[in-house]
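Please read the structure below before turning to the comments.
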Protein chains: 6
Amino acid sequence: MAIVKMVEYDDAPPEVRAVYDDIMATRRVDWVNNFWKALAHHPPTLKRTWESVKQVMAPGALDPLVKEMIYVAVSVTNNCEYCIVSHTAGARKAGMTDAQLGELLAVVGMANETNRLANGYQVEIDARLARAAWGK
Amino acid sequence: MAIVKMVEYDDAPPEVRAVYDDIMATRRVDWVNNFWKALAHHPPTLKRTWESVKQVMAPGALDPLVKEMIYVAVSVTNNCEYCIVSHTAGARKAGMTDAQLGELLAVVGMANETNRLANGYQVEIDARLARAAWGK
Amino acid sequence: MAIVKMVEYDDAPPEVRAVYDDIMATRRVDWVNNFWKALAHHPPTLKRTWESVKQVMAPGALDPLVKEMIYVAVSVTNNCEYCIVSHTAGARKAGMTDAQLGELLAVVGMANETNRLANGYQVEIDARLARAAWGK
Amino acid sequence: MAIVKMVEYDDAPPEVRAVYDDIMATRRVDWVNNFWKALAHHPPTLKRTWESVKQVMAPGALDPLVKEMIYVAVSVTNNCEYCIVSHTAGARKAGMTDAQLGELLAVVGMANETNRLANGYQVEIDARLARAAWGK
Amino acid sequence: MAIVKMVEYDDAPPEVRAVYDDIMATRRVDWVNNFWKALAHHPPTLKRTWESVKQVMAPGALDPLVKEMIYVAVSVTNNCEYCIVSHTAGARKAGMTDAQLGELLAVVGMANETNRLANGYQVEIDARLARAAWGK
Amino acid sequence: MAIVKMVEYDDAPPEVRAVYDDIMATRRVDWVNNFWKALAHHPPTLKRTWESVKQVMAPGALDPLVKEMIYVAVSVTNNCEYCIVSHTAGARKAGMTDAQLGELLAVVGMANETNRLANGYQVEIDARLARAAWGK
């Protein structure tokens, strides 16, 4: 159970309604999901977070499907249930196939495994890899 | 400092050399990075991990660059320094541009922020999102 | 569902009852919450944990509300549902307002974002900041 | 070693200089720390992150020292070295004493311990605590 | 709710059935738990993961009970509910007593606490400990 | 660099010396490692933490080597460098062989992988496993 009351559109103050309207217009949907209704508990956080998400998730050098999959990868690693479900939904909407979902989770699992093997052995960074990470 | 001695090619037993040879052939490089030289401390883990990584990172429904970027996203979230550097290097090699790196890290940062906002407010999952996550 | 049976007061051995009595006396309440009833599965852990929590959460150089908010910040970052709910309750009891809750979670979210940006870019520590962290 | 080149003031494009100027003016310092010089690799992330941090960390319902200590709590839990050092420095500057630092880390440690005990026993949330978290 | 449909034996393609048969034969049980039915969504991940788990969890230099307890320790630290329950079940089956469960969780809690104290103070590694970690 | 000055024996107040003496006597060594010298910054945390560690790590239903390996598993999962090194050293001292180290890290890696697969697919807990976790 959420620790605050969801702020519904009809009960929302004007600055919250403005954000809800922009969410619905940007996403071309006619409803607002619970994440935003919880954030509306603190209107400055609602507004700032929505503006950041809108900017970060817009098409750019990476396409929206790739961005949604990266979002899922982080959410799975952090075990944020709401975020896993909502961004898997977002990735589906952006065109993710069943095979892509399977490969996405396989990479996430493998990365979590090798992260711990690298940590566990305290592996030192190769000078060549450090240079390559710089793009040289 | 690594907690085990790196196993160099010249000192490696045959089953380790076979893995090193396959790593170099698959990646078309003439050297083996420290991660594998540490894992060679325990040859069954070296062999199993390499075979898993080779399968998971091969082109499939997702292209190799997307897979490398997902790997970076997980490694950044876990703060695995070796993994961040080595997979940023891998992503660069697979064609990641500076702009793509900037957007990748922006999404990773934002996902970590909203994960905590969702957790902090204990937001409940919308039934519509749950259906959408199933692809319905 | 908990993986052990909650130990109720009436069924508890004397060393467990002594801890329950101290919890109720210290907190001026007439009931014991499930966390302690689960820990009572292993009486030495119950006793040690309660004594540590009592010492750590007592008023000192930081006031109890600040301590509860720090506890919430950690619990949200770790996504421990029980801990988020119980320490949000504790912070409310210690006087946390709705506006303070909103700001607390905003800081927690932002810290999780910038933690990943710092990790992702592998930012090196400035010498001036290191000195300042020492209080110089 | 950072995976991108730090953007120094003299080499920075105008939109980056504008952010650097605002950082120095807001904080009343005459230098910019490496975190921002790394983010300047991707100017939209630099600008968005600075504006968010400035808003979130401003005095409000919580005072700046409490906000810095919450930031440290999150950074320690995530083990982000840069963030631990920079926000410990920030907390010192905002007046944190040695005794407060000691208590802060004691709470962070204890919260991480009890988070795992609650998770490990899979303790169920008490109805009374859930109500109290709502402020009732 | 899982984000994919569980693949039941009767509906499973031959390569999935082969894995299910091996799971049941290896574990001497007549059913397959949900984890594998979810992974069957992506048959290569099912097969690779099962073969890895079978190899890693087989008796070797560490006995199966110790391995299950290590699995629980990781799962508690990550707060993976499914994994905590399934590997606590596995550890019980391998002979874990109530007292061992109590001590296991006490160590996990303590390790999570001291991990943060070491991080928080940014303690430097003693040269003697580094040598001892190498076995010297 | 640590954010506080290490408290050396010769400069330590009596209550700190008493803890150092007990650490050396209990472990039968003639030196104190940096972790404790950092905690001595806040004497109540030093005393409480040492007494807890001494109690938790003492032989009981689990032997000391198993406890050290569980400590390593948690520290690797959290990526606490100091803790990985110091508890690998502790495990070596308690008799851990190279083969046991290899298997330990293999289990830790695998657990981190399957934790994310279980999270990613949001697998629901089987009723049979829940009963088995209770020891029934």
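The values are calculated or read from the model by the stated rules, or taken from the named source; none is laboratory data. These numbers were taken from a predicted model, which means no experiment stands behind them. Neighbour counts run over all protein chains shown; Cβ positions are idealised from the backbone, glycine included. Each accessible area value is taken on the protein alone, full model and side chains, heavy atoms only, with ligands, DNA and RNA left out. Shrake-Rupley method; radii C 1.70, N 1.55, O 1.52, S 1.80 Å.
If ligands, DNA and RNA are left out, what is the accessible area of D:R48 with a 1.4 Å probe, given in Å² to the nearest 10?
Near enough 20 Å² of accessible area.
Could you work out which residue, out of B:V76, B:V85, B:V123, moves most in a Gaussian network model of chain B, that is, has the largest mean-square fluctuation with Cα springs under 10 Å?
B:V123
What's log10 of I(q)/I(0) for region A:1-118 at q = 0.21 Å⁻¹, Debye sum over Cα points only, no solvent?
For region A:1-118 at q = 0.21 Å⁻¹, log10 I(q)/I(0) is -1.22.
Given a 10 angstrom Cα cut-off, can you work out which residue in E:L101, E:L62, E:L39 is the most mobile in a GNM of chain E?
Fluctuation is largest for E:L62.
Name the lysines eligible as straight-distance cross-link partners of D:K136: C-alpha to C-alpha under 19 Å, and not fewer than 8 places from it in the same chain.
A:K5, C:K93
About its Cα centre, how strong a charge dipole does the protein assembly as shown have in debye, to the nearest 20, once Lys and Arg get +1 and Asp and Glu get -1 at the Cβ?
Charge dipole of the protein assembly as shown: 0 debye, to the nearest 20.
Run the helix sum for chain E: -39,500 (n - 2.57) per DSSP H stretch of 4+ residues, divided by residue count, reported at 222 nm to the nearest 500 deg cm²/dmol.
-22000 deg cm²/dmol
Nearest 10 degrees, 0 to 90: what angle lies between the long axis of helix C:81-93 and the longest principal axis of chain C (Cα atoms)?
Between helix and principal axis, roughly 90 degrees.
Show me the chymotrypsin sites (Phe, Trp or Tyr not before Pro) within region B:12-118 that DSSP assigns to loop and that have at most 11 other Cβ atoms within 10 Å of their Cβ.
Listed in order of number, the matching sites are B:W31.
In chain F, with Lys and Arg counted as +1 and Asp and Glu as -1 at Cβ, which of these residues, F:P64, F:A18, F:A91, has the Cα nearest the positive end of the dipole, that is, farthest along it?
Farthest towards the positive pole: F:P64.
Under a point spin-label approximation (7 Å from Cα along Cα-to-Cβ), what is the B:K136-F:D11 distance to one decimal in nm?
About 6.6 nm, to one decimal.
Using the Karplus curve 6.51 cos²θ - 1.76 cosθ + 1.60 with θ = phi - 60°, work out ³J(HN,Hα) for each residue of region F:22-39 in order, rounded to whole Hz, and write x for Gly and Pro.
Computed from phi, the couplings for region F:22-39 are 5, 4, 5, 5, 5, 8, 6, 10, 10, 8, 10, 7, 4, 3, 6, 5, 7, 4 Hz.
Can you give the angle from 0 to 90° between the axis of helix B:64-78 and the longest principal axis of chain B, with both taken from C-alpha atoms, to the nearest 10?
80
Cα convex hull of region A:37-102: how many Å³ per residue?
Per-residue hull volume (Cα only) is 94 Å³.
On a C-alpha basis, how far is the centre of region D:46-79 from the centre of region E:1-46 in Å? Whole number, if you could?
Value for the Cα centre distance between the two parts: 46 Å.
Would you mind classifying region A:70-113 by shape? Square roots of the alpha carbon gyration tensor eigenvalues, ordered a ≥ b ≥ c; an a/c under 1.5 is rounded, otherwise it is prolate if a/b is larger than b/c and oblate if not.
Taking the square roots of the gyration eigenvalues as a ≥ b ≥ c, region A:70-113 is oblate.
Test of understanding: express the Cα radius of gyration of the protein assembly as shown as a ratio to 2.2 N^0.38 Å, with N the residue count.
Relative to the 2.2 N^0.38 Å estimate, the protein assembly as shown comes out at 0.89.
On average, how many beta carbons from a partner chain sit within 10 Å of the beta carbon of a residue in E:90-100?
3
In chain A, what percent of the accessible surface is made up of carbon and sulfur (1.4 Å probe, ligands and nucleic acids excluded)?
53
Just reorder C:E51, A:E113 by solvent-accessible area, largest first, 1.4 Å probe, all chains present.
Most to least solvent-accessible, the answer reads C:E51, A:E113.
Quick one: putting +1 on the C-beta of Lys and Arg, -1 on the C-beta of Asp and Glu, what dipole do you get for chain A around its Cα centre, in Debye to the nearest 20?
Value, rounded to 20: 360 debye.
Tell me the label-point distance for the pair D:A99, A:D21, using the 7 Å Cα-to-Cβ offset, in nm and rounded to one decimal.
5.4
How many square angstrom of accessible surface are buried between F and C, both sides summed, with a 1.4 Å probe and rounding to 100?
1100
Using a 10 angstrom cutoff on alpha carbons, build the Gaussian network for chain F and name the most mobile of F:D126, F:D63, F:D22.
F:D126
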